[in-house]
Each structure stands twice: as structure tokens, then as C-alpha cells.
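Please read the structure below before turning to the comments.
No value in this document is a laboratory result; all are computed from the given coordinates. Given the structure is predicted, the values throughout are model-derived calculations rather than measurements. Cβ atoms come from the backbone with ideal geometry, glycine included; neighbour counts cover every protein chain shown.
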Amino acid sequence: MTQEPENDGCGTQMCLEDSHPASPPPLGFPQQPVSSKPEGLDPPNGSGNQPNPQSPEHRNDQDANDTNLPDLPITSLLPEIKLSLNFIKHLKEATLDNSGLSANKIERLRNPARISEADFEANVQFSLGLFQSCRNTSEDMYTKTCAVVQDNVPGAELLTYNAIRTQLANLLGVYPIEHDMCFNSCIAFTGPFKKLANCPLCHEAQKTLSGSPRKTFTTIPLGPQIQAQWSSASSAEDMQY
């Protein structure tokens with residue numbers, strides 16, 4: 001015979017518990033002992049004696065420690081990256097004094113002169129107008145045009161191509177900077193390549209046997225151009241000063 005569980009409100013519960021044994025307690029972190037410190041004695045934010053990482057004082061101390069870290073050298077074992085870093089170093093160290101401009105030209109840049117159309121003689125104004133009209137042509141075209149004008153206009157004395165360029169540079173303070181470059185246009189001998197005698201790519205010599213550069217390129221600095229615009233009242237007004 002099968003014995004029926006007692007139906008007294010408790011027997012059924014006891015039979016269910018006997019048929020399903022209790023599972024072991026779950027694994028986890030050990031329980032922390034309950035502190036015997038009375039409530040109300042803990043510092044605010046639960047900081048205790050440790051610094052609060054959210055406090056302004058702690059953040060300021062951490063920022064100060066970060067700023068005191070030494071600057072680590074930036075370098076690389078890859079030749080391409082080393083060359084790029086070397087160029088960046090030269091760019092950061094660039095100043096007017098090592099720009100290639102003479103001391104007089106730098107002084108002119110720092111203290112530009114004021115000019116007006118009255119400062120130009122009639123033949124200089126005529127030459128400037130002709131030079132401006134021929135700015136997209138060759139030197140030979142300017143020279144031939146000057147010859148035609150002087151043959152047909154009595155008393156016309158126009159400046160030569162080199163003379164008008166020198167006159168413009170002296171009046172405006174805009175001077176070109178010449179740099180040597182590779183004969184095959186591989187590189188310019190500036191920055192890390194300044195002291196090289198041969199191109200590192202095609203190995204062509206920088207200079208001829210007589211010491212003259214085989215090829216050059218011209219840079220017109222931006223600073224003198226802006227100063228030249230500022231030196232005239234009309235051009236300064238055009239720049240909305």
C-alpha cells in the first residue's frame with residue numbers, strides 16, 4: 001500500500017521539501033562583516049580617510065601630476081616617418097632670421113614704408129603699367145613691347161625687365177627667396193636636405209663644377225605681400241581695414 005501524505009496543512013509541504021533537496025548556496029564574493037560603527041559617524045560620500053576621486057582637490061592634484069610628466073622624445077625606426085618628423089622639427093624652428101632674407105629685407109618687413117602713386121616718376125609709372133600688362137607673358141615679350149613704345153612715343157624711357165623688378169622690390173619690399181633644387185625636380189635642398197651635395201633619390205649633383213646651382217625654385221613670402229598691401233591707403237581700404 002502507498003502511504004498518503006498527511007493532509008494537515010504541513011505534511012504536504014514537508015513531502016515537497018523531502019522530494020527536492022536544497023541546492024548548495026551560490027558561489028560569490030565573501031560577505032563583508034557588518035561594521036559595528038554606529039550610523040552617522042562615516043564621512044560624507046563614503047570617503048573615509050581615502051581621498052575622494054570626485055573632489056575638485058583630487059582632480060587638481062591629478063592634473064598637476066599629469067602636467068609634470070616628462071616630454072617623451074618622438075622618434076621612429078621607419079625612415080619615412082623619421083624624415084617627416086625631421087621636417088616638422090625644421091618647420092617649428094623656422095624664424096625670419098633663418099628664412100633666407102637679408103637683414104635689410106627683414107627690417108623692411110618689420111617696419112614697412114608708406115608709399116603712394118606720387119612716389120613714382122612718370123617713366124616708372126609707365127613701366128609699371130606695361131609690366132603689369134605683360135605679367136602673364138615672357139621677359140622677351142616685355143622687352144619687345146618696350147622697344148616698340150620707345151620707337152613710337154617721343155621721350156618715352158621705359159625701364160628694362162630687371163630694372164622694373166628691382167624697382168618694385170625696393171618700393172614694395174617684396175623679395176623672392178631662391179632655393180636650390182634637384183636637377184630632375186626630385187627634392188629641394190632645404191630642411192633635412194640643405195647640406196646634401198647630391199639628390200638622395202636620383203643621386204644627381206646639386207651644383208655644377210663651378211659651384212653654381214644646376215636648378216633653383218623661387219618662393220615669394222606671404223608676409224611682405226601683405227605688408228605691401230598695407231603700405232598703401234587705397235589697397236588697405238580694399239582689404240577692408
Overall dimensions of segment 76-121 as given by Cα atoms, namely Rg and Dmax in Å:
18.9, 61
Pick out, from 183, 229, 216, the residue whose Cα sits farthest towards the positive end of the charge dipole of segment 175-241, with +1 on the Cβ of Lys and Arg and -1 on the Cβ of Asp and Glu.
183
Inter-probe distance in nm under a simple model that places probes 7 Å from Cα toward Cβ, at residue 81 and residue 145
5.3
What percentages, rounded to whole numbers, describe P(r) for segment 129-241 computed over all alpha carbon pairs with 5 Å bin width beginning at zero?
2, 10, 13, 13, 13, 13, 14, 10, 6, 4, 1, 0
Please compute, for the alpha-carbon atoms of segment 66-214, the extent along each of the three principal axes and give them in descending order in Å.
74, 42, 26
Too long for a 24 Å Cα-Cα cut-off, among 89/215; 195/215; 82/105; 92/195; 89/207, are 89/215; 82/105; 89/207
Taking the Cα-to-Cβ direction at residue 185 and at residue 235 and moving 7 Å from each Cα, how far apart do the two end points lie in nm?
3.0
Sort 181, 239 so that the residue with the fewest other Cβ atoms within 10 Å of its own Cβ comes first and the one with the most comes last.
239, 181
Starting at 0 and stepping by 5 Å, how many percent of the alpha carbon pairs of segment 192-237 end up in each bin?
5, 15, 17, 14, 8, 8, 9, 9, 9, 6, 0
Need the full-extension length gain, residue 226 to residue 214, defined as separation in residues times 0.36 nm minus the C-alpha distance. One decimal, nm.
1.2 nm
What number comes out for the charge environment of residue 174, summing +1 per Lys or Arg and -1 per Asp or Glu over other residues with Cβ under 12 Å away?
+3
The set of residues whose placed amide H lies less than 5 Å from the amide H of residue 198, leaving out same-chain residues fewer than 5 positions away, is 206
DSSP-loop trypsin sites (Lys or Arg not before Pro) across segment 133-184, with at most 11 other Cβ within 10 angstrom
135
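Could you give the size of the charge dipole of segment 117-156 about its Cα centre, using +1 on the Cβ of each K and R and -1 on the Cβ of each D and E, expressed in debye and rounded to the nearest 20? Don't skip to the answer; put the middle values down first.
Values: 2 positive and 6 negative charges, 33 e Å.
Charge dipole of segment 117-156: 160 debye, to the nearest 20.
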Relative packing of peptides 153-159, 226-232 - highest average C-beta neighbours within 10 Å first
226-232, 153-159
Amide proton proximity set for residue 179, modelled H, under 5 Å, gap of 5+
217, 219
